[in-house]
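Before any comments, here is the structure.
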Amino acid sequence: MPETAASLLLDWWQRFGRREPALKPWMFTPEGVWPLPEVLLDPYGIWIAEVMLQQTQLQVVLPYWQRWMQAFPTLAALAEADEQSVLLRWQGLGYYSRARRLHATARLLLALIDADPAELALWPQDLDSWLAFPGIGRSTAGGILSSAFNSPLAILDGNVRRVLARLMAHPRPPMRDQVLFWTWSEALIAAIPQRSRDLNQALMDLGATLCTPRNPSCHCCPWQASCAAYAASTPELYPVKEAPRSIPFQVIGVGVVLNGEGEVLIDQRLNEGLLGGMWEFPGGKQEPGEAIADTIRRELREELAIDVEVEQELITVEHAYSHKKLRFVVHRCRWLSGEPQPLASQQVRWVKPEELGNFPFPAANGRMIAALMDHLGLPSTL
Ligand code: SF4
């Protein structure tokens with residue numbers, strides 16, 4: 001049965017898969033043709049794309065990938081770049097620790113294949129080597145190796161989990177039965193291992209274009225005849241979800257502190273955590289019953305050892321992460337006293353507002369910067 005499923009999938013993909021160089025440039029040879037099974041592809045661009053695709057869709061990733069490859073066209077260029085320019089190129093994709101891990105992996109890889117990174121056969125070609133790099137999980141490693149070297153390795157990302165959950169009408173959330181889902185994905189590869197690259201791409205394309213989260217196009221699906229969810233007319237019930245958790249909500253007071261020279265104060269977050277290494281305007285959580293101006297004054301005293309006068313509000317920005325929702329209430333502040341100290345950050349800096357675009361900021365800060373520039377009557381830096 002996996003043989004039939006694999007053949008049907010490949011037949012469909014040959015006709016309808018996303019195989020244009022403009023959509024997945026990293027999957028094509030330098031001559032712009034889809035690789036035959038025995039052809040190796042450069043793992044560098046594939047690895048970057050795979051990590052970017054961990055968090056967002058192909059159409060969103062494509063311009064980021066293109067800008068990234070212009071800035072860091074080779075493994076050596078990435079390994080030798082400074083962390084700020086790496087974070088700046090990642091800005092907007094979120095999960096900044098992934099960019100820092102990419103950077104760290106680039107240095108490890110370069111040390112490993114220093115002889116000639118352009119010699120594709122010198123790159124690590126086994127799962128364990130890739131799993132040892134920071135930020136590389138089993139599905140990403142399988143994606144890189146099957147795409148670059150046609151290695152017979154399965155993948156299991158969100159798209160693939162959804163397709164398999166529907167195909168099997170699996171009654172539990174996939175994350176609870178990872179071993180089983182891996183077994184299914186591996187069975188597909190084992191059916192035609194010499195086409196592993198194409199099978200994984202086909203599976204992803206099926207999930208992204210037909211077996212979509214809502215309104216799947218079952219009428220043109222190559223697996224319709226054997227799909228349990230289709231047979232029961234219930235594809236949208238799968239994958240079964242965990243009961244929703246309530247997401248905490250917090251109000252954050254933010255101070256855009258200006259000094260007498262018209263410079264603005266920014267600080268760089270510690271490297272740990274979701275937005276590690278990014279720059280931001282200082283501030284922190286509002287305590288129960290606290291006025292927002294008091295929050296800002298208190299946070300700036302605690303985190304930077306400065307006293308400020310809290311002036312008018314510049315903007316309020318709502319931002320939702322997967323695990324919490326935040327409301328940033330942003331006020332212009334006038335610096336009164338105290339040399340800023342990085343008591344809860346890596347470093348603090350006074351910068352000209354026009355220079356803010358040179359620093360990587362989390363997405364929520366983009367609107368704050370725009371509000372500041374508007375308030376100061378300056379052109380946007382973004
Ligand atoms: S028949 Fe429908 S639900 Fe089943 S795999 Fe195909 S698109 Fe998905």
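Working from label points 7 Å from Cα in the Cα-to-Cβ sense, the Val33 to Arg138 distance is 3.6 nm.
For Asn215 and Arg67 in the same chain, what is the full-extension length gain: residue separation times 0.36 nm, less their Cα-Cα distance, in nm?
Details: separation 148, 0.36 × 148 = 53.28 nm, distance 3.31 nm.
My answer for the length gained is 50.0 nm.
With n ≥ 4 as the cut-off for DSSP H runs, can you work out [θ] at 222 nm for the chain, using -39500 (n - 2.57) per run divided by the number of residues, rounded to the nearest 500? That calculation yields -12000 deg cm²/dmol at 222 nm.
Loop-located trypsin sites (Lys or Arg not before Pro) across the range 217-285 with a Cβ neighbour count of 15 or fewer within 10 Å are Lys241, Arg245, with loop assigned by DSSP. Rounded to 0.05, the FRET efficiency of the Val351 and Glu272 pair, given R0 = 22 Å and the Cβ-Cβ distance, is 0.40.
In this structure the amide hydrogen of Val257, modeled in the peptide plane, comes within under 5 Å of the amide hydrogens of Leu265, Cys333, none closer than 5 places in sequence on its chain. Beta bridges from DSSP with both residues in the range 236-382: antiparallel share about 70 percent, rounded to the nearest 5.
For the pair Ala363 and Val60, a Förster radius of 22 Å applied to the C-beta separation gives a FRET efficiency near 0.95, rounded to the nearest 0.05.
Shape of the range 112-156 from its Cα gyration tensor (a ≥ b ≥ c, root eigenvalues): rounded if a/c is under 1.5, otherwise prolate when a/b > b/c, or oblate? In terms of gyration-tensor shape, oblate. When only the Cβ of Lys, Arg, Asp and Glu is charged (+1, +1, -1, -1), the dipole of the range 249-376 relative to its Cα centre reaches about 380 debye. Surface composition of the chain: carbon and sulfur make up 53 percent of the accessible area, probe 1.4 Å. Using the 1.4 Å probe convention, the accessible area of the range 2-237 works out to 44 Å² per residue with neighbouring protein chains retained. Solvent exposure of Tyr95, expressed as accessible area, is near 90 Å², computed with a probe of 1.4 Å over the protein chains only. Karplus-based coupling profile of the range 249-266, in residue order and whole Hz: 10, 9, 9, 10, x, 10, x, 9, 8, 10, 9, x, 8, x, 8, 10, 9, 10, with θ = phi - 60° in 6.51 cos²θ - 1.76 cosθ + 1.60 and x standing for Gly or Pro. For the range 6-16, 3J(HN,Hα) computed residue by residue from phi via the Karplus equation (6.51, -1.76, 1.60; θ = phi - 60°) reads 5, 5, 4, 5, 5, 4, 4, 5, 4, 9, 10 Hz, glycine and proline entered as x. Is the range 2-237 best put as rounded, prolate or oblate by its Cα gyration tensor, with a ≥ b ≥ c the root eigenvalues, rounded for a/c under 1.5, and otherwise prolate when a/b is larger than b/c, oblate when not? Because a/c hits 1.5 or more and a/b exceeds b/c, the range 2-237 counts as prolate. The simple spin-label model puts a point 7 Å past each Cα toward its Cβ; for Leu23 and Thr74 those points are separated by 3.2 nm. A full extension of the chain between Ser85 and Ser226 corresponds to an added length of 45.9 nm, given 0.36 nm per residue minus the alpha carbon distance.
The range 121-174 and the range 67-105 have Cα centres separated by 22 Å. Build a GNM of the chain with springs between Cα atoms under 10 Å apart, and of Glu31, Glu186, Glu272 the one that fluctuates most is Glu31.
Each Cα pair under 8 Å and six or more residues apart adds its separation to the average, and for the chain the resulting relative contact order is 15 percent.
Compared with the rule-of-thumb size 2.2 N^0.38 Å for a compact globular protein, the range 99-252 has a Cα radius of gyration ratio of 1.24. Farthest toward the positive end of the dipole of the range 2-237, out of Gly45, Thr234, Trp12, is the Cα of Thr234, where the dipole comes from beta carbon charges about the Cα centre. Spin-label point model (7 Å from Cα, Cβ direction): what's the Gln125 to Glu263 distance in nm? Those two pseudo-labels are separated by 5.4 nm.
Which value, in Å to one decimal place, does the Kirkwood hydrodynamic radius take for the range 249-376 when every pair of different Cα atoms is included?
Radius from the Kirkwood sum: 14.5 Å.
Would you mind checking Lys241/Lys324; Lys285/Lys324; Lys24/Lys324 for any pair whose Cα atoms are more than 23 angstrom apart? Among Lys241/Lys324; Lys285/Lys324; Lys24/Lys324, the Cα-Cα distance tops 23 Å for Lys24/Lys324.
With all protein chains in place and ligands, DNA and RNA left out, the 1.4 Å accessible area ranks Leu120, Leu9 as Leu120, Leu9, largest first.
The values are calculated or read from the model by the stated rules, or taken from the named source; none is laboratory data. What you see is a predicted model, and the numbers here were worked out from it, not measured in a lab. Cβ coordinates were reconstructed from backbone atoms using ideal geometry, including for glycine residues, and neighbour counts include every protein chain displayed. Keep in mind that these areas ignore ligands, DNA and RNA; they rest on the heavy atoms of the full protein, side chains included. Shrake-Rupley method; radii C 1.70, N 1.55, O 1.52, S 1.80 Å.
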